[in-house]
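The values are calculated or read from the model by the stated rules, or taken from the named source; none is laboratory data. Everything quoted here is computed from the prediction, not taken from an experiment. Ideal geometry is used to build each Cβ from the backbone, glycine not excepted, and the neighbour counts take in all protein chains shown. Side chains included, ligands, DNA and RNA excluded: accessible areas come from the protein's heavy atoms. Shrake-Rupley method; radii C 1.70, N 1.55, O 1.52, S 1.80 Å.
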Amino acid sequence: NDVTKYGQYISKSNNILSHNNIIRNFAVNHGIEAADCNNTIITNNEISSGYAAGIMVKSHSSYDMETIRNILVQDNHVHHLGYGINNDLGGIQVLMETNGLIINHNHFHDIWAESYAGHGIYLGTGTAGAVCTNNLVHDTTTSTFKIDHGMETTLENNIWAFGGGSLLFWSTNKKEYHEFNIHHNIFLVTENKLMGGGGWNDEPIDITSEI
């Protein structure tokens, strides 16, 4: 509680379990960051009242489906972030992560950016093989789900609701990659859009969708 930077920082480490923590009031960096890690489990944490991403997972290997890092982010409650002061954050934010990331059964909500990029699940540039299942994501400034550009992303059995601009935001279509597998999600849209960003309109697109 009340830390200047990270609640937890895990870097270039293997076989780490981060379980049953309460992390609140982090100012500059993230609640939990796991960078270039293998076999990492982040479960049953409550992360709130911070000004950056609740959970950051990243590596430095764009579009890498060959390396399997085995990162599990599950049963976390991440909420009330950003407070309309910072930009470019998510309940979970992922950057250039390789294959083997599972984001399952988390609750992300009340993520408020100052003017742009306040997302629930936020997959950044070059993320490969992320599997997002059984999550509840709602009440975000910009979108409940955002991907910049990646490959082989699975969205299945999630509930997406009340994204400020759109529910699903896709920035850029990288035409050489299969981008999405979207199956059996629930979308709740009231005033805004289901889909935002330029990726959906940039033909041809390579997605499999069964909403």
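Taking every alpha-carbon pair under 8 Å whose residues sit at least 6 apart, the chain reaches a relative contact order of 13 percent. The residues packed around residue 129, meaning those with a beta-carbon under 11 Å from its beta-carbon, carry a net charge of -3 if Lys and Arg are +1 and Asp and Glu are -1. Dipole magnitude for the chain: computed about the Cα centre from +1 point charges on Lys and Arg Cβ and -1 point charges on Asp and Glu Cβ, it is near 420 debye.
For segment 1-138, the percent of C-alpha pairs falling in each 10 Å distance bin, counted from 0 to the bin holding the largest distance, reads 14, 48, 34, 4. For the chain, the solvent-accessible area of protein heavy atoms averages 41 Å² per residue (probe radius 1.4 Å; ligands and nucleic acids excluded). Taking the 1.4 Å solvent-accessible surface of the chain as the whole, the part contributed by carbon and sulfur is 49%. Per-residue accessible area (protein heavy atoms, 1.4 Å probe) orders 36, 2 as 2, 36, starting from the largest.
Take every Cα pair under 8 Å whose residues are at least 6 apart in sequence, average their separation, divide by the length of segment 18-128, and the relative contact order is 27 percent.
Here the extension length gained between residue 205 and residue 39 equals 56.5 nm, from 0.36 nm per residue of separation less the Cα-Cα distance. Here segment 79-152 and segment 35-73 have alpha carbon centers that stand 11 Å from each other. Each residue was assigned an accessible area with a 1.4 Å probe, and for residue 149 the value is about 40 Å².
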